[in-house]
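Student: Let me give you the structure first, and then I'll get to my questions.
The values are calculated or read from the model by the stated rules, or taken from the named source; none is laboratory data. The structure presented is a predicted model; accordingly, all values stated were derived computationally and were not measured. All Cβ positions, glycine included, derive from the backbone under ideal geometry; neighbour counts span all protein chains shown. Heads up: the accessible areas ignore ligands, DNA and RNA and are worked out on the full protein's heavy atoms, side chains in. Shrake-Rupley method; radii C 1.70, N 1.55, O 1.52, S 1.80 Å.
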Amino acid sequence: MTPELLSNEEYSYTDKYSGKKLEFSPKSGEVVATFKEADMSEASETLRSSSSLKVKQLNPRRRFAVLQVSEEEGMETSAAMSDINDQVANQIPVLLDGEGLTRYFIPDECTVQFKEGVSEQEVERINNELGSSIIVKQRTPGYYTISVPEGLGLFETIRQLLDMEEVDFAEPSEFGLDDALDYIPNDTNFDRLWGLQNTGQRVNGTTGVRGADIQATKAWDITRGIRDVIVAVIDTGADMDHPDLRDNILARGNEDWDFAANDSSPDDEGGSSHGTHVSGTVAGVDNNIGIIGVAPGCQIMPLRINLRAGMNANRADAINLLRLKRVPIQVDAM
């Protein structure tokens, strides 16, 4: 028996290690569907002839597919799926995580790591009580891929597993799609940022060396930074209204972030724009214009000092502000 098609599931669970609630939202127009074994060939033929569904990826051996609603048809996903509902065992929307990254989960299975010392007999007992079965016994001791019980949703099953004392962690059974492809932003001046991606392009009259970069595009497929990470830039300040910075500048309270002058805002002054440049390198916004920073998902805290003739005590004040705020802040002092 296969799980029912559940359309009202809450796509979330709380990580047992960090205590952080992981929440996902549906990506419009894309679903992951699993198929009944006897009907896989028929389903493949139906999909090939469908004008409303596009097959983004098909795995006949594991009997799942990533399906995309054709934009030309302008149909709702449920209506587009109606032609193949008889062959579908289960489905779940393609999901977006908290960082906006696309995640592909198989709707009727999950992975679970049981704690050290939990025997195979206990694992079998827990699965029987839950109504699930072992799909794959992974090579890691105590690590299994199991089925979602009939009538339960994927995330509901994960939440039940995480409530068990015997379980170390549980998470969706996830697969990668085009994992070999690096994330390439379409910011207009990205091709000039040879330090992030050096393809041997010519910048300011100099031809680069292919691969002589920090491999940012590969890192971005893992993470592009998170809002909880604040990067303090102790420099000449920042252009607070710059379109590539303003959305990532940490909201200010009553703090004085200018340690070089008696005004209250760390605006980049004096014509050098050095702090603006550094801030953009750190976390320029991924917004299809200008440039992108190394960690566009993080926030920037520009702290202005005088780099030419400033007092060391003022620079110390800037550093101490970070210590006094007692937040995890990475410092980039240029």
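Student: So how compact is segment 123-207: Cα radius of gyration and Dmax in angstrom?
Tutor: Gyration radius and largest Cα-Cα distance of segment 123-207: 22.7, 69 Å.
Student: Give me the percent of the accessible area of segment 212-334 that comes from carbon and sulfur atoms, probe 1.4 Å, all protein chains in place.
Tutor: Whole-percent figure for carbon plus sulfur exposure: 51.
Student: Which value, in debye to the nearest 20, describes the size of the charge dipole of segment 113-245 about its Cα centre when Lys and Arg Cβ atoms bear +1, Asp and Glu Cβ atoms bear -1, and nothing else is charged?
Tutor: I would put it at about 620 debye.
Student: A follow-up question, please. What residue among Ile249, Ser173, Ala313 has its Cα farthest toward the positive end of the dipole of the chain, where the charges are +1 on Lys, Arg and -1 on Asp, Glu, each on the Cβ?
Tutor: Ranked along the dipole, the leading option is Ala313.
Student: Starting from 0 in steps of 10 Å, tell me what percent of the Cα-Cα pairs of segment 153-261 lands in each bin.
Tutor: 10, 23, 26, 22, 15, 4, 0
Student: If you average the sequence gap of Cα pairs under 8 Å that are 6 or more apart and divide by the length of the chain, what percent do you get for the contact order?
Tutor: Once divided by the residue count of the chain, the mean separation gives 14 percent.
Student: Leaving out ligands and nucleic acids, note down the accessible area per residue over the chain with a 1.4 angstrom probe, in whole Å².
Tutor: 55
Student: May I have the count of lysine pairs in the chain with C-alpha atoms under 30 Å apart, counting pairs 8 or more residues apart or located on different chains?
Tutor: 25
Student: With both bridge residues required to lie in segment 199-334, what share of the DSSP beta bridges run antiparallel, to the nearest 5%?
Tutor: Counting only bridges with both partners in segment 199-334, antiparallel ones make up about 10 percent.
Student: So, one more: Counting only protein heavy atoms and using a 1.4 Å probe, what share of the accessible area of segment 129-182 belongs to carbon plus sulfur, as a whole percent?
Tutor: 44
Student: Over segment 226-288, what per residue volume does the convex hull of the Cα atoms give, in whole Å³?
Tutor: 91
Student: What's the longest piece of the chain with no exposed trypsin sites (Lys or Arg not before Pro), counting a site as exposed if DSSP puts it in a loop and it has at most 16 other beta carbons within 10 Å?
Tutor: Values: sites that count: Lys16, Lys20, Lys36, Arg61, Arg62, Lys115, Arg139, Arg210, Arg227, Arg252, Arg308, Arg326.
That gives 140-209 as the longest site-free run.
Student: With +1 assigned to the C-beta of every Lys and Arg and -1 to the C-beta of every Asp and Glu, and no other charges, what is the dipole magnitude of segment 194-334 about the Cα centre in debye, to the nearest 20? Don't skip to the answer; put the middle values down first.
Tutor: Values: 13 positive and 18 negative charges, 108 e Å.
Computed charge dipole of segment 194-334: roughly 520 debye.
Student: Using the Cα atoms as the points, what is the convex hull volume per residue of the chain in Å³?
Tutor: 199
Student: Here is a further query. Say we join alpha carbon atoms closer than 10 Å with springs in a Gaussian network model of the chain; which of Ala80, Ala261, Ala318 then has the biggest fluctuation?
Tutor: Evaluated over the chain, the most mobile residue of the options is Ala261.
Student: Simple spin-label model, 7 Å along Cα-to-Cβ: Ser265 to Glu166 in nm?
Tutor: So the label points at Ser265 and Glu166 sit 6.1 nm apart.
Student: Hand me the GluC sites (Glu not before Pro) from segment 101-204 located in a DSSP loop with no more than 13 other Cβ atoms within 10 Å, in residue order please.
Tutor: Working: sites: Glu109, Glu116, Glu120, Glu122, Glu124, Glu129, Glu150, Glu156, Glu165, Glu166, Glu174; in loops: Glu116, Glu150, Glu165, Glu166.
Taking segment 101-204 and a limit of 13 other Cβ atoms within 10 Å, the loop GluC sites (Glu not before Pro) found are Glu116, Glu150, Glu165.
Student: With charges only on Cβ, +1 for K and R and -1 for D and E, what is the dipole size of the chain about its Cα centre, in debye, rounded to 20?
Tutor: On the way: 31 positive and 56 negative charges, 241 e Å.
It works out to roughly 1160 debye.
Student: Something else: For segment 207-234, list residues with backbone N below 16 Å from a point placed 7 Å from the Cα of Asp15 toward its Cβ?
Tutor: It comes to 222-230, nothing else.
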